[in-house]
Amino acid sequence: MPCATQPDTIPLSRMSNSFAALRTIRRIAARRVFQSANGKPVVLTTGVPQPVSGSDWACALQITGLNSSWRRPRYVFGIDGLQALHLAMKCAAAVLESSQQELVWLGEKGDLGMPKFLPDLPKPQQNRLEAMVEREATKFWRRAERVHKAKGAKESKGRKRTTAADKT
């Protein structure tokens, strides 16, 4: 007995040439609310990826609060559910970042908290790019670790001086 049922497929008859989805996303995978400069919410909604009959997989995506064609749900397609979700995330980030509005999330202006994805390149160039990113990330974390240790040593040294001065 399978532990989960396969989601219903989206019939091709419900699809249009513009790949417009339903009026609402029925099965929501994730939602995030941003604030625009005028205080109005900008809502990103991502649907659960679903198989499409006669095709691959689709992930519904909707962004309300911006004057864009994404205010109604639209499908983003992938070979499988994971790729459809991945591409929907990339698409959402591109739409939000290209909007002319300065969006705020968790009190941070301009930081949408969206993952950054590397461009899809041929394998040799992809490997080089990933190695570069890994080197830079490692340098950053090592530097941060050194600063943290130095700060801890400085605070510890300050406490020892205070304790010795208190005894005299």
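The values are calculated or read from the model by the stated rules, or taken from the named source; none is laboratory data. Since the model is a prediction, treat every value here as computed from it, not as a measurement. Methodologically, a virtual Cβ is constructed for each residue, glycine included, from the backbone with ideal geometry; neighbour enumeration extends over all protein chains shown. What goes into the accessible areas is simple: the full protein's heavy atoms, side chains included, and nothing from ligands, DNA or RNA. Shrake-Rupley method; radii C 1.70, N 1.55, O 1.52, S 1.80 Å.
Points to keep in mind about this one:
- Subset of the range 69-81 (residues that are farther than 24 Å from residue 36 by Cα and open to solvent by 40 Å² or more (accessible area, probe 1.4 Å)): 77, 79, 80
- Considering the conditions (1) under 16 Å from the mean Cα position of the chain (by Cα); (2) at pLDDT below 90; (3) open to solvent by 70 Å² or more (accessible area, probe 1.4 Å), residue 118 is excluded by exactly one of them, (3).
- Residue check, residue 104 hydrophobic (A, V, I, L, M, F, W, C), open to solvent by less than 30 Å² (accessible area, probe 1.4 Å) and at pLDDT below 95: no
- Restricting 58, 84, 94, 88 to those that are more than 15 Å from residue 33 (Cα to Cα) and without any contact (Cβ under 8 Å) to a residue 12 or more places away in the chain reduces the list to 94.
- Residue within the range 82-97 that is assigned to a loop (DSSP other than H, G, I, E, B) and either open to solvent by less than 40 Å² (accessible area, probe 1.4 Å) or touching a strand residue (DSSP E or B) at 6+ places or on another chain (Cβ under 7 Å) (or both) present: no
- Residues (open to solvent by less than 30 Å² (accessible area, probe 1.4 Å) and either of a type in the set (D, E, K, R) or more than 18 Å from residue 105 (Cβ to Cβ) (or both)) located in the range 37-67: 47, 49, 51, 52, 58, 59, 60
Yes or no, residue by residue, for (1) modelled with pLDDT under 90; (2) surrounded by 10 or more Cβ atoms within 10 Å (Cβ to Cβ); (3) among the β-branched types (Val, Ile, Thr):
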{"site": "133", "(1), (2), (3)": "no, yes, yes"}
{"site": "143", "(1), (2), (3)": "no, yes, no"}
{"site": "146", "(1), (2), (3)": "no, yes, no"}
{"site": "149", "(1), (2), (3)": "yes, yes, no"}
{"site": "152", "(1), (2), (3)": "yes, yes, no"}
{"site": "165", "(1), (2), (3)": "yes, no, no"}
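- Of all residues in the range 105-131, exactly one satisfies the criterion of being of a type in the set (A, V, I, L, M), free of Cβ contacts under 8 Å to residues at least 60 places away in the same chain and under 15 Å from residue 95 (Cβ atoms), namely 114.
- Extreme residue, modelled with the lowest pLDDT, among residues of the range 23-45 that are within 23 Å of the chain's Cα centre (by Cα) and under 16 Å from residue 69 (Cβ atoms): 25
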